[in-house]
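The values are calculated or read from the model by the stated rules, or taken from the named source; none is laboratory data. Quantities reported herein were computed from a predicted structural model and do not represent experimental measurements. Neighbour counts are summed over all protein chains in view; Cβ atoms, including those assigned to glycine, are modelled from backbone coordinates with ideal geometry.
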Amino acid sequence: MRLRVAMAENIKLRVSPEEKRALRAAAMQRGLSLSDFIRHLASQVTGMAA
């Protein structure tokens, strides 16, 4: 079976309002939207797992 790195799309997270505020603040510090920040994190994790 072949493994390949997939593009991180359609990511859904269930987080508390406090966690969402923290994620949004971290995204703003990096100049990203919340969606772009989560995609960026997901691609980093996918790369580490590969």
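List the pairs whose first member sits in region 21-50 and is farther than 18 Å from N10 by Cα, whose second member is exposed (fewer than 12 other Cβ atoms within 10 Å of the Cβ) and not small (G, A, S), and whose Cβ atoms are under 8 Å apart, counting only residues at least 6 apart or on separate chains?
A50/L3; A50/V5
Results for (1) polar (S, T, N, Q); (2) outside any loop (DSSP other than H, G, I, E, B); (3) modelled with pLDDT under 95; (4) surrounded by 10 or more Cβ atoms within 10 Å (Cβ to Cβ), shown as yes or no for each residue.
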{"position": "L3", "(1), (2), (3), (4)": "no, no, yes, no"}
{"position": "A6", "(1), (2), (3), (4)": "no, no, yes, yes"}
{"position": "E9", "(1), (2), (3), (4)": "no, no, yes, no"}
{"position": "A22", "(1), (2), (3), (4)": "no, yes, no, yes"}
{"position": "M28", "(1), (2), (3), (4)": "no, yes, no, yes"}
{"position": "L32", "(1), (2), (3), (4)": "no, no, no, yes"}
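Only residues in region 2-20 that are of a type in the set (V, I, T) count as the first member; pair them with residues that are modelled with pLDDT of 65 or more, Cβ under 8 angstrom, at least 6 apart or cross-chain, and list the lot.
Within 8 Å, the pairs are V5/T46; V5/G47; I11/I38; I11/R39; I11/A42; V15/L23.
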